[in-house]
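Taking it in order: structure first as structure tokens, then the write-up.
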Amino acid sequence: MKPSFRQLLADSHVAAIAIVMLLVGSVTWGLQPLLWIPASEAIGDWYNYAAADFTDVGHFFRQLGLPYWQAMIPFFPLAISFGIGTWILSHNVYGVGPFRVLIALREKLTRKRDA
Amino acid sequence: MLERVKELLVESFVGAIALGLLLSNAIARLANGLTLPITNWLVRTQFQQFTYRPPQSFSFREGGPELIRAFVLFVIWCALFYWLYFKRVPGERVT
């Protein structure tokens, strides 16, 4: 009996890899305005001002006001849409959420290695 | 020879990884194509105060190129997935 399309997607791990990549993309786009951009701006400022012994910590976070968050708003729809894509793919192929899929696959691979 | 290449791609998981990346790229472009009109509209609204142009309306056509890219990537993915995993010798295991 020929396996179904969903069964093949699951057995070949193609869907699992796609889920991982989409999860990484979702986290990346979500964390960029929350973590990466403020941190890189602060590090850049510190590098420029360290030579002048400029140690006012508040100065390094001055850019995190309302204009900054307004400029970062476009990042979030993309992060959310990646997350929704991940969820739809994992539910369609495996019937459960993406994190459960990855945990189950990890357990399966660990069992296979130990056997 | 093509059968041998196919067998190698499946057994080494290179095919699965490549197809997984291609599928994630297609889904990502689909998501981008759907959100691009929204993000462009948000950016235009934010910077409206700095321009003297009249406000532009929301347009789904801005996501068109990304949606076309997503469709093309998905077609390529389907063709490769069919070739690698559907057209198998009876009795051959997928993994």
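Computed quantities for the displayed model
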read-out	value
First in the range B:19-43 and farther than 15 Å from B:Phe60 by Cβ and charged (D, E, K, R), second anywhere and at pLDDT 90 or above and assigned to a helix (DSSP H, G or I), Cβ under 7 Å, 6 or more apart	B:Arg29/B:Glu66; B:Arg29/B:Arg69; B:Arg29/B:Ala70; B:Arg29/B:Leu73
Residues (more than 21 Å from the chain's Cα centre (by Cα) and part of a helix (DSSP H, G or I)) located in the range B:10-39	B:Val10, B:Glu11
Residue check for B:Trp77: within 11 Å of chain A (Cβ to nearest Cβ) and at pLDDT below 85	no
Selection within the range B:2-39 - facing chain A (nearest Cβ under 8 Å), farther than 20 Å from A:Val14 by Cβ and not β-branched (Val, Ile, Thr)	B:Asn32, B:Leu34
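The values are calculated or read from the model by the stated rules, or taken from the named source; none is laboratory data. Given the structure is predicted, the values throughout are model-derived calculations rather than measurements. Every residue, glycine as well, gets a Cβ built from its backbone with ideal geometry; the counts of neighbours run over all protein chains shown.
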